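Each reported figure results from applying straightforward, stated rules to the coordinates on display, with no laboratory input. This one's a predicted model, so the numbers in the text were calculated from it and none came from an experiment. For neighbour counting, all protein chains shown are included, and Cβ atoms are generated from backbone atoms with ideal geometry for every residue, glycine included.
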Amino acid sequence: MTPDLHLWLIPVLPLIGAAINGFVGRRLTRQAIVTVAIAFCGASFAMALYVALRFSGLAIPHLETLAPWIRAGSFQADFAFYVDQLSLVMLLVVTGVGLLIHIYSIGYMWEEGGFYRFFCYLNLFMFFMLTLVLASNYLLMFIGWEGVGLASYLLIGFWFTKDSAASAGKKAFIVNRIGDFGFLIALFLMIKHFGTLNFDRVFQFAASMSVENATAGLLTAIGLLLMVGAAGKSAQIPLYVWLPDAMEGPTPVSALIHAATMVTAGVYMIARSHVIFERAPTALMVVAIIGTLTALFAATIGIAQTDIKKVLAYSTISQLGYMFLACGVAAFSAGIFHLMTHAFFKGLLFLAAGSVIHAVGGEQDMRKMGGLWRKIPWTWATMLIATCAIAGIPGLSGFFSKDEILWRAYQASWAYWLVGVVTAFLTSFYMFRLMYMTFAGEYRGVTSDHSIVQEQAPARSRPSAAQAHHGIHESPRVMLIPLAILAFLSIVGGWIGVPGSLGGSNRFDRFLGPVFRATAPAVKPQHAAPGETAPPEQTTEGLESHTGRGTELAFTGISVFAALLGLYLARLLYLRRPALPERIAAALNGLYAAVANKYYVDELYATLFVHPVVEGSKHILWHGMDQGVIDATLDNSADATRHVSDSLRHMQSGNLRSYAGWVAAGAAVVIAYMVWTGTR
Amino acid sequence: MSLAFQASQALPRGTDYLRILPELVLSIFGMIIMVLDPVVDQRRNQKALGTLALIGSLAAIASTLWQARAPGLAFWNMVQVDTFSVFFHFLITTITAVVILTSYEYMEVQQIRVGEYYALILFGAVGMCLMSSAVELVLIFIALEISSISTYILAGFRRRAAISSEASIKYFLLGSFATAFFLYGVALMFGATGSTSIPTIEQHLRSGSIPVLAYVAIALMFVGLGFKVAAAPFHVWTPDVYEGAPAPIVGFMSTAPKAAVFAVLLRIMFQIHAPGRLGLIWVAAALSMTLGNIGALVQQNVKRLLAYSSIAHAGYLLVAFAALPQNGIPSAMFYTASYAAMNIGAFAVVSHFGGAGERYVTLEDYSGLGRRSPVLAAALTLFLLSLIGIPITAGFFAKFYVFSAALQANLVGLVIIGVINSAVAAYYYLRVIVVVYMHDPRDESVLPAVPLELGAALAITALTTIYLGLLPGRVLDYASRSAGDLLH
Amino acid sequence: MVPLSYYLVLSGVLFACGVTGFLIKRNIITIFMSIELMLNGVNLSFVAFAAHWHALSGQIFVFFVMVVAAAEAAVGLAIIIAVYRTRETLNVDQVNLLKL
Amino acid sequence: MLHLVLFLIFGAICVAGAVNLLVQRHPINSALSLVAVMASLAVEYLLLGAEFVAAVQVIVYAGAIMVLFVFVIMLLNAGEEARTGGSRVAILFGIPGMLAGSLLVAWVLITHSGTQEVSAGALPGPPREIANLLFHDFLLPFEVTSVLVLIAIMGAVVLAARPESIEQQKREG
């Protein structure tokens, strides 16, 4: 007898908040809007805490069916919710970080137009995200999946009067659609072969299938398609292009959606589908390789960015690459661990960056900042903590989770580890570069110059632009408190999962253990990764006895060294010798330009995909088929004026006889085909 | 041929009439409107006739529900009432009612005499209803002609606009052209099997080898019917006709006759077990989706854009025809219903926004609609999102079922083409949404308020769109049972 | 005695002539006549098949086709008149305001 | 033998009329050749034993429908058709398509429809039996045609009438 926890309330509460703000928000005062949004989001968080408290008394996985949904023949999907250790972690992260960012937004968005709209979308996003996390079948999950995409589209385009914001929203939406196909086709394959989309039944089926070592079978296909979906949502190569552009949205949105929660949905989905992936080593390897490449690739781009939010965006992509790497080497709990710590420190980084931007009046170019640490000490302090965390400075949360991933990656293949360490070095470098450029040295901005501020934030009627005249100022308390809380979490968040080698007992891994280990295949998959292979699917205890603690500590030392090296280099280049970077850039002219221009990937995609479709539509169908094919030569008898107007008219079709020509030709093809079939 | 019929010189019985009750009701109301039209004062009683037509279509809905309790054959194996026919009767009569609601304001704004208009809609609905229940090619042909001729006329109802009469003549000539192909197919089918009754044809084709003549017959019938549903390569008329015809009528003719023709196509493809179905449908579906979506990318006129989108949607729908019968039929039926809801809704918005003479139909005109009329913009957005196929709207599940049915028949290639197409489609639908919300209005003038009737129509279509997107279970269940009925 | 296929081929030829007329004629009325030609071709097929199968229903079909043709003629000619009134031309190549 | 000769003669007239319809550039000539096609088709129907159909063909088709055509040609004073350069699609795709399609169909008709011969008057269709079918088995289609005819009448009235605004303009002007 499991208790009824009314899980449905968790997603529905924010939905109610969204509905209230959406329908009557226009007539409410700002205080009322905030109260509604925070109250419903907070209630959701409280519910999540309640579930966590009752968790030990639940039979895991805990299923609650709200209402029957689709019953078509043998296929069945319900409005049902599913709680196990994995979804509980996600639930707490999403509601907790979500609540903090809601609070932060009060201060950040206070002066903006469309205040009610913002909170309505934000609550709507929470609804979809929680549906995604709590769903008990892939179909409901997909609805949440598409819903967060929609909410993210609305929020990226929030300042819709900015053209770049509108097109960034569209780009995000369409790139995500490409990923969604993969997901959708994977679902169709599941329906076809398993007849169900419910997690428990799908995993039962999958668990009963053998590991596809040599052959690429059904599970590999499903796994790869799910990977395509995850790559779209979590901004992995080659579908990462939307995330940097998504920074056009308000900063709290970047923090919530494009750092802490939505973009990690892909990682969650892969971890959730681990039963399938564990039996499809090829798919797993693809996940690992794409994750590794993305981590490195995005980190190199991050080095040359000058927009503070763009740096963080590429850093997010890179960190997501780590999580994929973890999943790819079947270290799902390590991936989720990093997901959680990342939510803390990356959320914090974005919020702090928002605070910086707020302080300097909308400026996002780091070249125009500098020396801010004295003026906004709180922001500086919290951001420093987050930077140390992401760089992997020992003792902070990022250190533990990254270390865990690197260690597990090494056990799969030294190549993964090596790239991981290089990325760790780059991460440390570009993050400290960001810190030095922003906070250290002298202020390089022109506070009194009105026009720059206007240029950077044309449509935002932000009075803080006016404040810029009066000087740089610390953000209000309502923004600083979330920063402080997240900073605290960034420090201590790692301690719940201290790996055994560092004297901890890795409680996090053990907590998630039941999810990932209960269904592990009896026969170990032979990981097809390049280089030395070790059986990846073993408990941490097993690994320790296998390789020994000393080795692991040595590797930890190397990654700490890499982080410190990055710190040192950044200090050298951006604090001690600020002229050096330019000289280096000049020396490596082509390479630097490529990196600064994000390797021209956007341009490549535009030429390869977008351009041909639009132009093809225009030229082949319009000019070609109609203007080109259709006769533009005219009867001699027609006079000159007629000639001109008719030739214009005849250039484009609209001609009935052409239409009949198509019908007749089509009919001929159809008849020919049918005669061919009939006489075959 | 035996002369047995002389022995059974019975008159039609009561149940016979019950089984064509919706058609009877619609015809009677149509005739009443026709008779009253010259009598009543046009200026004052515009609405009275519309209301009468509305009552007629509501009565038809009621009689459909009543009829559902007495399934069976009627009029000497001419029509068959079963869950399949009831589904389409209900759909078509509901579409009729909603279209009448959207026409109230439109006719007033465009200053068009209404009498014949409403009568033609009702008579057209008679033909469409009959198409879904007829099991005899003679009756199907006549019903098809009734629905076609009434739409030819309705397409030309904006008599002061040159493009409207042009739409009418194009639609009429090409439509008759296609009808001739269909008819030739029927003749060859008659030649191949010696009958025009669908059950008899089915028996004949099932026993023994299938004559080549039947293949050609299916091909020609597909040309005719494919034209009517705007499937490529017989889609060329669609953009022109949709652009020129009155907006509420486009909403009507892109849904109701299409639904009816799809019903006929389902009968021919699945009940007759049309030979050579797979390849034919495969190519037509792939072509329709691709040409429709690519054509829509560069459109500036919203009606034209929706016309291309309707070609694409015909393609998605055809995908279901390539699937196995037990999955394909219900998914096709579900798609028809979903598409009807969202498309009529979209055209209701277009018809209201168009203004007198349909002046405002380009994409630029729609800029800033979000600020000028949030309700209208929200409704349009919902319908467009549904057309894209976003979850919790009808369009999502419609596509979902169609593609999943196709995948169960191992049509991986077709599904991939479909899925890629639905991504391309997102681009141009989003373009409309972006214009609506993210551009500055060109014209700050106040839009006329949404009148009650149009509001009701929008509410019905919007709620249906969301209902089918949230709880598709019941409708799908019913459609599955219909599939069972159709396949015995 | 005439083989059935002769009748069928004759009907096919008439149908093909109708299609050709639709494709090459400029005058809307002539185009419409081509459609009538197509329908006549179909009718011949019906009657021939009716004789072949000894099924009178084929002949019945012909009556219905005639009724439909008559109805189409009434409507079609009215539409042609309406077009002529707005355009003052019967040349189908000039009825092309609506285009891609 | 006589049967075949008659078939060939009237078949030839049919095809000649159809081709003439395409060749003639004045719609009146086209209409008259269409009448010729219809009349000779009526003879073919007679050869097949469908007397009633033959009679109706002459009365309804050649009589009523073609009169309507001629009437409209006269009403609109349609002259010779202009040689406008119209559509390359129709020539490049439509005509070859039509040719290919009709050759295929003809091939199927010749090889696959059975080569049974149809004797003159193979299927006597006395009006009495036709009536029995029409008013009993096909009662519903028969009744439904009334709706069709009704629509056609209404449509003709609506479309052929002058639009009100044009009238008003004329009155005002």
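Name the long-range amide H neighbours of B:V79: under 5 Å, sequence gap of 5 or more, or other chain; modelled H, no Pro or chain starts.
Placed amide hydrogens put B:A74, B:V135 under 5 Å from B:V79.
Under unit Cβ charges (Lys, Arg +1; Asp, Glu -1), what dipole magnitude, rounded to 20 debye, does the protein assembly as shown have relative to its Cα centre?
I would put it at about 2300 debye.
Note down the relative contact order for chain B as a percent, whole number, built from C-alpha pairs under 8 angstrom at least six residues apart.
This gives 15 percent for chain B.
What lysines does A:K346 reach when the alpha-carbon gap must be under 20 Å and sequence neighbours fewer than 8 apart in one chain are set aside?
A:K233, A:K309, A:K310, A:K402
Could you work out the helix-only [θ] at 222 nm for the protein assembly as shown, with each DSSP H run of four or more residues adding -39,500 (n - 2.57) and the total divided by the number of residues, to the nearest 500 deg cm²/dmol?
Value at 222 nm, helices only: -23000 deg cm²/dmol.
Explain nothing, just the number: relative contact order of chain C, from Cα pairs under 8 Å at least 6 residues apart, as a whole percent.
Averaging sequence separation for qualifying contacts and normalising by length gives 28 percent for chain C.
How far is it, in nm, from the label point at B:A48 to the one at A:T551 when both lie 7 Å from their Cα along the line to the Cβ?
Roughly 9.5 nm, to one decimal.
Run through segment B:316-425 and list the trypsin sites (Lys or Arg not before Pro) located in a DSSP loop whose Cβ has at most 11 other Cβ atoms within 10 Å.
Passing sites in segment B:316-425 are B:R359.
Using DSSP to call loops (not H, G, I, E or B), can you name the chymotrypsin sites (Phe, Trp or Tyr not before Pro) in segment B:331-409 whose Cβ has at most 10 other Cβ atoms within 10 angstrom?
For chymotrypsin sites (Phe, Trp or Tyr not before Pro) across segment B:331-409 that sit outside H, G, I, E and B with at most 10 neighbouring Cβ atoms in 10 Å, the list is empty.
In whole angstrom, note down how far apart the Cα centers of segment A:369-434 and segment C:1-62 are.
Value for the Cα centre distance between the two parts: 82 Å.
Taking the number of other C-beta atoms within 10 Å as the exposure measure, put A:F55, A:F432 in order starting with the fewest.
So the ranking, lowest neighbour count to highest, is A:F55, A:F432.
Could you tell me the calculated FRET efficiency between B:L36 and B:R359, based on Cβ-Cβ distance and R0 = 30 angstrom, to the nearest 0.05?
Efficiency, rounded to the nearest 0.05: 0.40.
Remind me, relative contact order of segment A:28-104 in percent, using alpha carbon pairs under 8 angstrom and six or more residues apart?
Contact order relative to length: 36 percent.
If each residue's Cβ is checked for other Cβ atoms within 10 Å, how do B:E136, D:E80 rank with the fewest at the top?
D:E80, B:E136
Using a/c under 1.5 as the rounded threshold, could you call chain B rounded, prolate or oblate? The axes a ≥ b ≥ c are square roots of the C-alpha gyration tensor eigenvalues, and prolate needs a/b larger than b/c, oblate otherwise.
In terms of gyration-tensor shape, oblate.
On average, how many beta carbons from a partner chain sit within 10 Å of the beta carbon of a residue in A:375-385?
Mean inter-chain Cβ contacts per residue within 10 Å come to 0.
Using only the Cα atoms of segment C:4-94, build the gyration tensor, take square roots of its eigenvalues as a ≥ b ≥ c, and label the shape rounded, prolate or oblate: rounded if a/c is under 1.5, else prolate if a/b is larger than b/c, else oblate.
oblate
Please list, or write none, the lysines whose alpha carbon is within less than 23 Å of the alpha carbon of B:K170, excluding same-chain residues fewer than 8 places away.
Qualifying lysines at Cα under 23 Å: B:K228, B:K258, B:K303, C:K25, C:K99.
Fewest to most neighbouring Cβ within 10 Å: what's the order for B:L414, A:L349?
Placing the least packed residue first, the sequence is B:L414, A:L349.
Select from segment A:48-148 those trypsin sites (Lys or Arg not before Pro) which occupy a DSSP coil region and have at most 13 other Cβ atoms within 10 Å, ordered by residue number.
Within segment A:48-148, no trypsin sites (Lys or Arg not before Pro) qualify (loop, at most 13 other Cβ atoms within 10 Å).
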